[in-house]
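Notes for the one structure printed next.
Nothing in this text is a laboratory measurement; each read-out follows from the coordinates by a stated rule. As the structure is a prediction and not an experimental result, all values here were calculated from the model. So basically every Cβ, Gly included, is an ideal-geometry build from the backbone, and we count neighbours across all protein chains shown.
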Amino acid sequence: MPLNQKNELAQVVEESTLPIEHNGGDGWTILHGDTLQIIRAFKPQVFDAIITDPPMLRAVEASREKPHHQSKVQQHGQRKRPARFDGDQKDQRSWTRWMAEWLSDARKACKPGAPVCLFIDWRQYPSITDALQWAGWI
C-alpha cells in the first residue's frame, strides 16, 4: 500500500505521531527518522513481513577492507564508505541488544506468522539469531 498521503499513513501509524517525514511513489514509501521511534508508532498487526538490511558493526566492515578486498573494489570503480551515524560504533553485545529491541517492536507491528528477512554479514549470524529469539521471533 503506498503511503503517499496523510490519510493512508494513518492506516498503519498511530495518529498521535503524525506527521512523520516521508515520501514515496507508486507502491512504496520511505519513512525518515529514528528507527526506534518510528517502529513504535506502527499500529499492531499491520505488516505481512519485515525485510531489512540493518547497519553492520564497524568492526565487521573494517575487516572487509583488507588489501585484497580494496583492490577488488577498485577494479569496479571507487566505492564510497557509508556516512557515519550516531551509535554506529557499537560493540557486538550492544549491537545485538539494539537489534533485539527494535525487532521486538517490529514483531508487534506484524501479523501473526509474518516472516522477518535480514540481510547481514555471515559474521553476525550468531548475534542475529540471539536477537531474533530475544525479540520473540521463531
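Taking amide hydrogens as placed 1.01 Å from N in the peptide plane, the amide H of LYS90 sits under 5 Å from those of ARG58, each at least 5 positions away in sequence or on another chain.
Which three semi-axes in whole Å describe the equivalent ellipsoid of the range 93-138, each the square root of 5 times a Cα gyration tensor eigenvalue, listed largest first? Can you show the working numbers first?
On the way: eigenvalues 64, 27, 13 Å².
So the equivalent ellipsoid measures 18, 12, 8 Å along its semi-axes.
For PHE47, the residues whose amide H sits under 5 Å from its own are CYS110, LYS111, ignoring neighbours fewer than 5 places away on the same chain, with H placed 1.01 Å from N. Peptides 38-47, 113-122, ordered by how many other C-beta atoms sit within 10 Å of their residues on average, highest first, read 38-47, 113-122. Across the range 31-40, computed HN-Hα scalar couplings (Karplus, 6.51 cos²θ - 1.76 cosθ + 1.60, θ = phi - 60°) run 9, 9, x, 6, 3, 5, 7, 5, 5, 6 Hz from first to last residue, x flagging Gly and Pro.
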